[in-house]
Amino acid sequence: MAKNRKTIDPAAEAMLSRAAELGVTTAFQRVDEMKPCPIGSQGLCCKNCAMGPCRLTKEGQVGICGATVETIAARNLARAIAAGAAAHSDHGRDLCFVLHGAATGEAPGYRIRDEFKLREVARDLGIATEGRSKEEIAVDVAEKALAEFGKQSGEILYLSRAPKKRQEIWRELKIAPRGVDREIVEILHRTHMGNDQDAEHILDQSMRAALGDGWGGSMLATDISDILFGTPNPLVTQVNLGVLKDDEVNIIIHGHEPTLSEMIVAAARDPEMIEYAKSKGAKGINLAGICCTSNETLMRQGVPSAGNFLHQELAVLTGAVEAMVVDIQCIFQGLVGVAEDFHTLVITTSPKAKITGATHMEFDEHRAPQIAREIVKAAVDNYPNRGPVFIPADKENLVPGFSHEYIRYMLGGYYRGSLRPLNDAIMAGRLRGVAGVVGCNNPRVVQDEAHFDLVKGFLENDVLVVQTGCGALCSAKYGLLQGEAMRYAGPGLREICETVGIPPVLHMGSCVDNSRILTVLAEMATEGGLGEDISDIPGVGIAPEWMSEKALSIGTYFVASGAYVLFGVKSPVEGSETVTDIIGRGWESKVGGKLEFEPDPAKILQKSLDHIDKKRAALGLPQYDPTRFGESGDRRWNAWLKARREGAKVSPYSMAGVTSDET
Ligand code: XCC
Ligand code: SF4
């Protein structure tokens, strides 16, 4: 059993039994049938020209053109990073068009919801705001932002949000990015046959393009989403397949963009639509999300989530989904195959993403509310076609919505919002450090296991955790995004969370919202007490179950911003020791951050804690001491932590004299 375990999620487990019963195949089975190509998985297959493909199997071998193992591994990694940066940034670009339309009135249904943020963004883009209407400012912001994507020379404006020292490092290394479009094109050019054939040099350009994503495309995507749909604040909602309803029309929104999904939320809540659903025999319309479209609508509208990446096919398997509405990225083509056995309509909506066999109802921001209504109506019309339904009961509460603005406000209040208390807590040792645990699911490893173990491990060690993307949805499923998660927290972290009134794991948004984490890091570095650069902060970034090229771009922009980043699963450059060394020790000496691939979650945790302690020591901070804080009211937590350190497997509630109602 344990060997063949595919998930730690009981809802997923129930659905996999159901799939077996019905003879339906999902990624969880396909992964067993698809053995990875040993050469490709090492990063050593080059198909960049028709003299090849050249499949290298050992150091010293070269391709027909003479390309070495390290050149090929570096080119492959660089192209993956370029694709990831392109995905995020193209998403950001589309939001600029919607903002423009919202301001001119050409995109009815959209409006400027956060004028304060609009003015802040305008200031950072150098746009005058005095005495101007929000629409006038928004037109300029949209145009200036669009120009940022294609900026041919100089550097993107948001780099000025980084600590001064960081900016200097980028300029010195000549990796301060121009527009992300240009940096991505340059990677494709450089990695074309017979061009850049020096691994280190190729990978420098990867950092440049990734920075164009993190501090450019992604950061603009986050900012403009906040302007259009509101900057998130904490709220309560629910996650996992149990949010689906057996007596309502279930519509799942899956993918990444908030533009159409926000309109679908409005259409699904429209009393006329609900009446229409009732006329078809349903009790109402239930909306749920998957992947980052879910994160976007979860944190702003409280729309429940049906789960993370590997839940997409499982949701269809419930037989309860009338429509699976998808936009862009992370959408399995396999959805159409699974849906063939059920009544579910797979509806593609993006002009950039059609799937053979799916119903295409193309999104157009000029008539978004109308299209959203047509989609909801199609789902309602499909309700009478429903067959047998099997919905697992599992669902959990969560509190998402910790934008960096909210974190600042919660720590310092409305007028004096600041990260000071966070820095102080790290300096005093109440918090050992911070960890960003982000990224995907990957069926090559047990679903959610590495995420869950790592987050718990950090909490026990007084490390505050911030999350985005599918990682956040994972923690949510196991109750880690709510106050109850405090039971895993060490005494110092517990003290901080109780004082401020936050859970020990903060959900900061979707994958493009990793840019929010950059902003927090930059502010921590400039706040004082933790050095003067992101690379000084006792923190780490981790993608324990990554699968997408976007994750590689995210990891790379964090490294280039000074962070230590660890990826699980496997290394895409395993076949080249030189490239492994360049992105590890090499990048550390250049930019202060490094990228490592480590399949063992226990080792990821240990390496992270060692790094955090090393950074604490470099700052001259007191050594982390788990017994120092929380003495008075928290003796039992210390006793528990001590017992655990000694290897005992005890729950904090079972410790002597402690009953669970004390928590
Ligand atoms: Fe996709 Fe953003 Fe990965 Fe989830 S976490 S599987 S990229 S949805 Ni970004
Ligand atoms: Fe082979 Fe070189 Fe062509 Fe790549 S570019 S396929 S290594 S000949």
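The values are calculated or read from the model by the stated rules, or taken from the named source; none is laboratory data. Because the structure is a prediction, the values reported are computed rather than measured. Because the Cβ atoms are built from the backbone with ideal geometry, glycine has one as well, and the counts that use them run over all protein chains shown. Calculation scope for accessible area: heavy atoms of the full protein, side chains included, ligands and nucleic acids excluded. Shrake-Rupley method; radii C 1.70, N 1.55, O 1.52, S 1.80 Å.
Among strands (runs of 3 or more DSSP E) entirely within segment 299-350, having at least 1 residues that are of a type in the set (A, V, I, L, M), open to solvent by 10 Å² or more (accessible area, probe 1.4 Å) and over 10 Å from His254 (Cβ atoms) singles out 345-348.
Which residue, of Lys377, Lys354, Lys395, is open to solvent by 40 Å² or more (accessible area, probe 1.4 Å) and more than 27 Å from the chain's Cα centre (by Cα)? Steps first, answer last, please.
Working: Lys354 fails: more than 27 Å from the chain's Cα centre (by Cα); Lys395 fails: more than 27 Å from the chain's Cα centre (by Cα).
Result: Lys377 is the single residue among Lys377, Lys354, Lys395 that is open to solvent by 40 Å² or more (accessible area, probe 1.4 Å) and more than 27 Å from the chain's Cα centre (by Cα).
Examine segment 391-414 for a residue that is of a type in the set (A, V, I, L, M, F, W, C) and under 16 Å from Ile251 (Cα atoms), and state whether such a residue exists. Looking for residues that are of a type in the set (A, V, I, L, M, F, W, C) and under 16 Å from Ile251 (Cα atoms), one finds at least one in segment 391-414, hence yes. Filter segment 232-285 for residues that are among the acidic types (Asp, Glu) and within 28 Å of Cys474 (Cα to Cα); which is nearest to the chain's Cα centre (by Cα)? Residue satisfying both the conditions and the ranking: Glu257.
Within segment 149-165, work out how many residues are closer than 19 Å to Ile517 by Cα and not aromatic (Phe, Trp, Tyr).
Of segment 149-165, the ones closer than 19 Å to Ile517 by Cα are 156-165.
Imposing the further condition that a residue be not aromatic (Phe, Trp, Tyr) reduces the set to 156-157, 159-165.
Number satisfying all stated conditions: 9.
Go over the candidates Arg18, Arg30 one by one and state the one that is of a type outside the set (Ser, Thr, Tyr), away from ligand 2 (no atom under 13 Å from the Cβ) and open to solvent by 80 Å² or more (accessible area, probe 1.4 Å).
Details: Arg18 fails: open to solvent by 80 Å² or more (accessible area, probe 1.4 Å).
None of the other options fit; the residue is Arg30.
State whether one or more residues within segment 70-81 are basic (Lys, Arg), over 30 Å from Asp140 (Cα atoms), modelled with pLDDT of 95 or more and open to solvent by less than 10 Å² (accessible area, probe 1.4 Å).
Of all residues in segment 70-81, those basic (Lys, Arg) come to 75, 79.
When the remaining residues are screened for being over 30 Å from Asp140 (Cα atoms), the result is 75, 79.
Remaining after also requiring modelled with pLDDT of 95 or more: 75, 79.
Remaining after also requiring open to solvent by less than 10 Å² (accessible area, probe 1.4 Å): 75.
Among the residues of segment 70-81, at least one is basic (Lys, Arg), over 30 Å from Asp140 (Cα atoms), modelled with pLDDT of 95 or more and open to solvent by less than 10 Å² (accessible area, probe 1.4 Å), which makes the answer yes.
Taken together, the residues in segment 437-461 that are out of contact with any strand residue (DSSP E or B) (no Cβ under 8 Å at 6 or more places or on another chain) and crowded, with 24+ Cβ neighbours inside 10 Å amount to 2.
Within segment 573-595, the set of residues being in contact (Cβ under 8 Å) with a residue 60 or more places away in the chain, over 22 Å from Ile39 (Cα atoms) and small (Gly, Ala, Ser) comprises Gly586, Gly592. The C-beta contact set for segment 504-533 (first residue within 26 Å of Gly230 (Cα to Cα) and free of Cβ contacts under 8 Å to residues at least 12 places away in the same chain, second residue outside any strand (DSSP E or B) and within 16 Å of ligand 2 (Cβ to nearest atom), distance under 8 angstrom, 6+ apart or interchain) is empty. Tallying residues that are of a type in the set (S, T, N, Q) and open to solvent by 10 Å² or more (accessible area, probe 1.4 Å) within segment 462-472 yields 0.
Which residue pairs have Cβ atoms under 8 Å apart, sit 6 or more places apart or on different chains, and have a first residue in segment 278-305 that is under 16 Å from Glu262 (Cβ atoms) and in contact (Cβ under 8 Å) with a residue 60 or more places away in the chain and a second that is among the aromatic types (Phe, Trp, Tyr) and away from ligand 2 (no atom under 16 Å from the Cβ)? Hits for this filter: Cys291/Phe309; Glu296/Phe229; Arg300/Phe229. Taken over segment 406-436, the criterion of being open to solvent by 40 Å² or more (accessible area, probe 1.4 Å) and either free of Cβ contacts under 8 Å to residues at least 24 places away in the same chain or more than 16 Å from Gly501 (Cβ to Cβ) (or both) is satisfied by Tyr409, Tyr414, Tyr415, Arg416, Arg420, Asp424, Met427. Kindly provide the set of residues from segment 82-102 that are more than 16 Å from ligand 1 (Cβ to nearest atom) and open to solvent by less than 20 Å² (accessible area, probe 1.4 Å), ordered by number. Within segment 82-102, Cys96, Val98, Leu99, Gly101, Ala102 meet the criteria. Residue pairs whose Cβ atoms lie under 7 Å apart, separated by 6 or more positions or on different chains, with the first residue in segment 350-362 and over 21 Å from Ala87 (Cβ atoms) and the second open to solvent by less than 60 Å² (accessible area, probe 1.4 Å), are Gly357/Val336; Thr359/Leu345; Thr359/Val346; Thr359/Ile347; Met361/Ile347; Met361/Thr349; Met361/Ile371; Met361/Ile375. Within segment 165-201, being more than 22 Å from Gly593 (Cβ to Cβ) and away from ligand 2 (no atom under 16 Å from the Cβ) holds for Gly179, Asp181, Arg182, Val185.
Looking at Ser475, is it within 24 Å of Pro232 (Cα to Cα), open to solvent by less than 10 Å² (accessible area, probe 1.4 Å), more than 16 Å from ligand 2 (Cβ to nearest atom) and modelled with pLDDT of 95 or more?
On the way: within 24 Å of Pro232 (Cα to Cα): yes; open to solvent by less than 10 Å² (accessible area, probe 1.4 Å): yes; more than 16 Å from ligand 2 (Cβ to nearest atom): yes; modelled with pLDDT of 95 or more: yes.
Spelling it out, Ser475 is indeed within 24 Å of Pro232 (Cα to Cα), open to solvent by less than 10 Å² (accessible area, probe 1.4 Å), more than 16 Å from ligand 2 (Cβ to nearest atom) and modelled with pLDDT of 95 or more.
Within segment 58-67, the set of residues being out of contact with any Asp or Glu (no Cβ under 8 Å at 6 or more places or on another chain) and touching a residue at least 24 places away in the same chain (Cβ under 8 Å) comprises Cys65, Ala67.
When segment 479-534 is filtered for residues that are open to solvent by less than 20 Å² (accessible area, probe 1.4 Å) and within 17 Å of Lys615 (Cα to Cα), the ones remaining, listed by number, are Ala522, Met524, Ala525, Leu530, Asp533, Ile534.
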